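Chemist: Dropping the structure in here first, questions after.
The values are calculated or read from the model by the stated rules, or taken from the named source; none is laboratory data. Every value quoted in this text rests on a predicted model; they were computed, and no experiment measured them. Backbone-built Cβ (ideal geometry, glycine too); neighbour counts: all protein chains shown. SASA here: full protein model, heavy atoms, side chains in, ligands and nucleic acids out. Shrake-Rupley method; radii C 1.70, N 1.55, O 1.52, S 1.80 Å.
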Amino acid sequence: MAPGFLVWCPFPDEEEARRVAGVLLDEGLIACANILPGIISLYVWNGERGEAREVGLLAKTNESLGQQTITRLGQLHSYQSPAIIGWKADEVGPATRDWLGSLTGTGLA
């Protein structure tokens, strides 16, 4: 069984997160996007500490589309160097596995 794949990325605002998620959905790269408002990000960038209010995006796809989703998200994002993290979801419920598999038309089971 092939696993699912999750992609996490913060955005400057909900409008951009929705726009990018919409493109990824329209292009068939993801099955779902959860947009999480009200994130406070504390970080170190270019040797300096910073803080920002951001919106998180968690996208669900399958492993075969994971890298393509990460690449496309980077192309669509307004940040010069967006923090995009993807990881395999080795444990996926049967219904979710089938749903994510429908993205490629092959199923994952």
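Chemist: Below 8 Å between Cα atoms, with a sequence gap of 6+, how large is the relative contact order for the stretch 9-53 in percent?
Modeler: 27
Chemist: In the chain, which helices (entire DSSP H runs) extend 15 Å or more along their own long axis, judged by Cα positions, while averaging at least -0.5 on the Kyte-Doolittle scale?
Modeler: Those that pass (Cα extent of 15 Å or more, hydropathy at least -0.5) are 14-26, 63-76.
Chemist: Helix-derived [θ] at 222 nm for the chain: sum -39500 (n - 2.57) over DSSP H runs of at least 4, divide by residue count, nearest 500?
Modeler: Calculated from helices alone, the mean residue ellipticity at 222 nm is -10000 deg cm²/dmol.
Chemist: To continue, here is another question. Looking at the stretch 2-43, I'd like the Rg to Rh ratio, where Rg is from alpha-carbon atoms and Rh is Kirkwood's inverse mean 1/r.
Modeler: That ratio equals 1.01.
Chemist: How far apart, in nanometres, would the label points at Leu58 and Asp26 be if each is projected 7 angstrom from Cα along the Cα-to-Cβ direction?
Modeler: Each label point is offset 7 Å from its Cα along the Cβ direction, giving 2.6 nm.
Chemist: State the percentage of accessible surface on the chain attributable to carbon and sulfur atoms; use a 1.4 Å probe and exclude ligands, DNA and RNA.
Modeler: 52
Chemist: Let me ask another. Can you figure out the FRET efficiency of Trp8 with Val44, using R₀ = 25 Å and their beta-carbon distance, to the nearest 0.05?
Modeler: 0.85
Chemist: On alpha carbon coordinates alone, what is the Rg over Rh value for the chain, Rh being the Kirkwood radius?
Modeler: That ratio equals 1.01.
Chemist: Between Leu36 and Glu15, with labels modelled 7 Å along Cα→Cβ, what's the label distance in nm to one decimal, could you check?
Modeler: Rounded to a tenth, the inter-label distance reads 2.4 nm.
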